[in-house]
Amino acid sequence: MHELAGKSAIITGASRGIGAATAREFAALGASVVLAARTLGEIEAIAAEIWAAGGKATAVACDVSRYDDVQAAVERCQQAYGSVDILVNNAGVIEPIGPLAEPDPDLWGAATDINYKGVYYGLRAAIPAMLNQGGGAIVNVSSGAATSALEGWSQYCSSKAGALSLTRSANLEYRDQGIQIVGLSPGTVATEMQVIIKASGINPVSQLDPSIHLPPEMAAKAIAWLCTKEAAEFAGGDVSLRDEDMQRRMGLTL
Ligand code: NAP
């Protein structure tokens, strides 16, 4: 039986891309999943698919830039499955793309509310529940942009850098209380986000051939592995899925 079997997990941004693949992977491993995203129809359809395959899933409409929504998702997970063993802070947006002085400041701020404050809200809501039950695991979906500047991505790079800082701080504060917190930089992954990036034509990432992108299912397997005890040594870090030694360690191959 896999270590995740019988665990409960909240996955934000579960309506498509990496989040949807993670929900399916966790359910296949025997975890009960709460799918959280703004588009209720999409997450309800994935939850129905998981039930049909013999798994357990609950869809919760949740905008991670609203603390009340995130808190409600945590409470829903506790009510449905009795605990919150795992949180995957995956929801994220790439736009606005463009030179720093051009985008609407309100759009820039709204994206920061998702990519940065949304991660804080997830940690803030889930950690007290995890402390009460004696521990848990949290994966913050990071990016190479957290540690490298890219033109046109001032919002994305700086908010991912802020989220990485939250991973590091939270690890220092809670690792000794049984909460394993780590970041995953998934490399480039074949999702809608990369379609938007390609269409922008800005910076070298938009010039990449789509064939080099990793499948979202591989990111999902990496996230599942990072929630296991074997991954404890990476807590507080920002694990790169492009690192071939790391792929081998996770039992993944391209
Ligand atoms: P995606 O296909 O565009 O999916 C993004 C997900 O985030 C969707 O499910 C979306 O659902 C959700 N979301 C956006 N805003 C939200 C909000 N305010 N509240 C709740 N959910 C929200 O992108 P992806 O590639 O799977 O990205 C997932 C994560 O991986 C992101 O954090 C991204 O930064 C990171 N990442 C991706 C790549 C890549 O190459 N794809 C590389 C590095 C890091 P709704 O619109 O239904 O709310």
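All of the numbers you see were taken from the coordinates with simple rules; none came from a lab. Predicted, not measured: the structure shown is a model, and the values here were computed from it. For neighbour counting, all protein chains shown are included, and Cβ atoms are generated from backbone atoms with ideal geometry for every residue, glycine included.
Okay, here's what the table says:
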item	result
The range 67-131 and the range 173-211: distance between their alpha carbon centers, rounded to Å	16
Loop-located GluC sites (Glu not before Pro) in the range 1-95 whose Cβ has at most 16 other Cβ within 10 Å (DSSP)	Glu3
Tensor-based shape of the range 144-254 (alpha-carbon gyration tensor, a/c under 1.5 rounded, otherwise prolate or oblate)	oblate
5 angstrom amide H check on Ile10, placed H, neighbours 5+ away	Val34, Ile86, Leu87, Val88
Flagged links, alpha-carbon separation over 18 Å, of Lys160/Lys229; Lys7/Lys56; Lys7/Lys117; Lys7/Lys221	Lys160/Lys229; Lys7/Lys117
